[in-house]
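The structure appears right after this line, and notes come after that.
No lab work stands behind these numbers, since they all come straight from the coordinates. As the structure is a computational prediction, the values presented were derived from the model and not from experiment. Cβ sites come from the backbone with ideal geometry, for glycine too, and all protein chains shown count toward neighbours.
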Amino acid sequence: MILDKFPTIDEFYKTYWGRKPFIVREGIAPDLFKDFIDGDTLAGLSLEEDIKSRLVMTAPEGGKWTCEHGPFEEDRFSELGEQNWSLLVQNVDQYHPDTAELLNSFNFSPRWLLDDIMVSYSATGGSVGPHTDSYHVFLVQGIGRRKWCIGTTPIQNEECIEGLELKVLKDGVKGEEVEVNIGDVIYLPPNFAHEGITLEDAMTFSVGFLGPKMSELFIEYGYYLEQMETHNKRYQGEGLTQESASIEISNQAKKSIQEDMVNTLHTDSFEKWLVEYFAESNEDND
């Protein structure tokens with residue numbers, strides 16, 4: 001699992017992408033972090049109304065994880081103490097250009113699927129619990145030290161502790177443990193269980209790649225067809241028979257509508273829209 005350097009592009013996609021985690025020691029040069037966002041500036045972002053942020057309190061023995069959503073008041077941080085909490089802020093690449101430079105280290109990845117850079121500041125003992133994510137992520141360690149436990153196989157039907165706002169795996173993580181320091185990079189494919197615990201005050205830069213759901217694609221393509229009025233055929237009941245009399249739709253009608261929908265995906269309109277769709281997503285992340 002631990003590599004001396006990032007895999008080649010060919011090896012990355014054939015061996016690791018969506019298949020298995022890896023860790024690269026000092027995959028990011030430690031001296032680059034001096035320009036990235038620091039803890040105080042991160043806390044400042046969490047005070048803003050339009051920026052998504054969370055405070056997660058580590059569960060005490062036999063207790064429950066708790067989660068608060070921003071924006072926060074400045075004095076909230078003076079109440080937290082020195083242990084067992086984590087501040088997480090989304091889309092930091094949009095608000096801190098120097099931190100966005102981190103993306104240049106991941107040009108081998110499918111940048112058109114980029115979601116954001118989420119940054120966390122975590123006090124000693126801080127954790128968000130054992131969990132899985134539905135997206136690909138590179139966890140880049142900044143200042144401090146963290147211990148991670150990483151599952152070796154994906155979980156398809158996760159069981160989480162009931163009654164929590166956070167998704168915390170009921171049975172924890174069964175896997176390999178590793179300690180990371182500044183510059184170390186962990187790659188996690190979707191659905192691999194993992195848990196990070198802070199050993200000393202630490203920052204983690206999470207570079208996430210998240211594909212859209214099929215429902216989102218159908219909705220957005222439908223909007224595009226409506227606006228462009230190309231290949232936006234109205235169903236006119238071609239070829240109906242007596243089987244479609246009254247209120248029951250026939251198998252023939254179902255097949256005809258399905259074919260019309262599939263044919264719409266095999267047009268130049270679909271290709272043009274798909275390129276524009278992901279181009280706009282990238283612009284939103286710039």
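So how far apart, in nm, are the two label points at residue 159 and residue 179 if each is 7 Å from Cα heading toward Cβ?
Placing both labels 7 Å beyond Cα along the Cβ direction yields 3.3 nm.
Hey, what did segment 214-285 get for relative contact order, percent, Cα under 8 Å, at least 6 apart?
It comes to 31 percent, rounded to a whole number.
Could you compute the FRET efficiency for residue 94 and residue 270, with r as their C-beta to C-beta distance and R0 at 30 Å, rounded to 0.05?
Plugging the Cβ-Cβ distance into 1/(1 + (r/R0)^6) gives 0.55.
Assuming R0 = 30 Å, can you tell me the calculated FRET efficiency for the pair residue 80 and residue 111, based on Cβ-Cβ distance, to the nearest 0.05?
In this case the efficiency is close to 0.25.
Between 168, 246, 214, whose Cα lies farthest towards the positive end of the dipole of the chain when Lys and Arg beta carbons carry +1 and Asp and Glu beta carbons carry -1, centred on the Cα centre?
Checked the options; the winner is 246.
Would you order 66, 264 from fewest to most other beta-carbon atoms within 10 Å of each residue's own beta-carbon?
66, 264
Quote the relative contact order of segment 92-226 in percent (integer), defining contacts as alpha-carbon pairs under 8 Å separated by 6+ residues.
Reported relative contact order: 39 percent.
Could you work out, for the chain, what percent of all Cα-Cα pairs fall into each 10 Å distance bin, beginning at 0 Å and stopping at the bin that holds the largest distance?
6, 23, 29, 19, 12, 8, 3, 0
Please find the FRET efficiency linking residue 40 to residue 241, where r is the Cβ-Cβ separation and R0 is fixed at 51 Å, and quote it to the nearest 0.05.
That pair, residue 40 with residue 241, gives E of 0.10.
If neighbour count is taken as other Cβ atoms inside 10 Å, put 209, 12 in order from fewest to most.
The order, fewest Cβ neighbours first, is 12, 209.
Which GluC sites (Glu not before Pro) does segment 1-93 hold that lie in a coil by DSSP with at most 11 other beta carbons within 10 Å?
Answer in residue order: 49, 61, 73, 82.
If you build the convex hull over the alpha carbons only and average its shadow over all orientations, what do you get for segment 214-285? Give it in nm² to one decimal.
Mean projected area of the Cα convex hull: 5.9 nm².
Between residue 147 and residue 248, what is 0.36 nm times their sequence separation minus the Cα-Cα distance? Round to one decimal in nm.
Going from the current span to full extension adds 30.4 nm.
Given labels modelled 7 Å from the Cα in the Cβ direction, how far is it in nm from residue 255 to residue 219?
3.3
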